[in-house]
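Here's the structure we're looking at; comments come further down.
Bear in mind that the values in this text are calculations on the coordinates, not laboratory data. In this text, all values refer to a predicted model and were calculated from it rather than measured experimentally. When we count neighbours, we look across all protein chains shown, and the Cβ atoms used for this are built from the backbone with ideal geometry, even at glycine.
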Amino acid sequence: MKKLLLLPILLMFLACGSKETKQEKETVTDDTSEEKELSMTTDSQFGEAFSSAEVKADSEMLAMYQDLSLGDTIQVQFQSEVESVCAKKGCWMKLDLPEDMNVHVTFKDYGFFVPKDSKGHEMVVEGRAFIEETDVETLKHYAEDAGKSKEDIAAITSPKLNYRFIAEGAKTVK
């Protein structure tokens, strides 16, 4: 008798589980099709619309970052070449700065992405610039993940300051 009661309950669980899996697959398919539509064109706008006013050059932006302290944030627009982009979704990008530096750009509230083929294009971003400190433990973890030698990992003894930017909007430049 107990086995007869367990069988319908088990079937209900299996039926519910398969529906969720099907919905997840549909969601992934929808996300992928949207990503394919994003491609780099001249004057493309992403995120919140903004007018380009007082756009800083990459050299001016580097000077501004060098004047910042931990905890400081400035609202600014700046233009630079895209060095790299998230290959999966375009959910982050790195913009070039002089002196072999770069800015890691993420997007406000994960609200928009940039095309995955943005590398090498000029981009204007508007948002908040700040400095972030990566602790020694995290840096050592990254070095391990990258396959660095034990000597290289042991040589990491101080935190690293990173230039960060949260963009509210971004657009390509002709």
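Distance in nm between label sites at ALA53 and TYR142, each 7 Å beyond Cα in the beta-carbon direction?
That separation, rounded to one decimal, is 3.6 nm.
Go through the range 140-156 residue by residue and turn each phi into a ³J(HN,Hα) via Karplus (6.51, -1.76, 1.60, θ = phi - 60°); whole Hz please, and just put x for glycine and proline.
5, 4, 4, 5, 4, 4, 7, x, 5, 6, 4, 5, 5, 5, 5, 6, 7
Label LYS150 and GLN66 with points 7 Å out from Cα along Cα→Cβ: what is the distance between them in nm?
Here the answer is 4.0 nm between the modelled labels.
Mind listing which trypsin sites (Lys or Arg not before Pro) in the range 88-155 are in a DSSP loop and have 11 or fewer other Cβ atoms within 10 Å?
Filter output for the range 88-155: LYS88.
Using the Cα atoms as the points, what is the convex hull volume per residue of the range 88-174 in Å³?
Expressed per residue, the convex hull around the Cα atoms of the range 88-174 is 131 Å³.
Return the distance in nm (one decimal) between the two label points of a simple spin-label model at ASP117 and GLU83, each offset 7 Å from Cα along Cα→Cβ.
About 2.4 nm, to one decimal.
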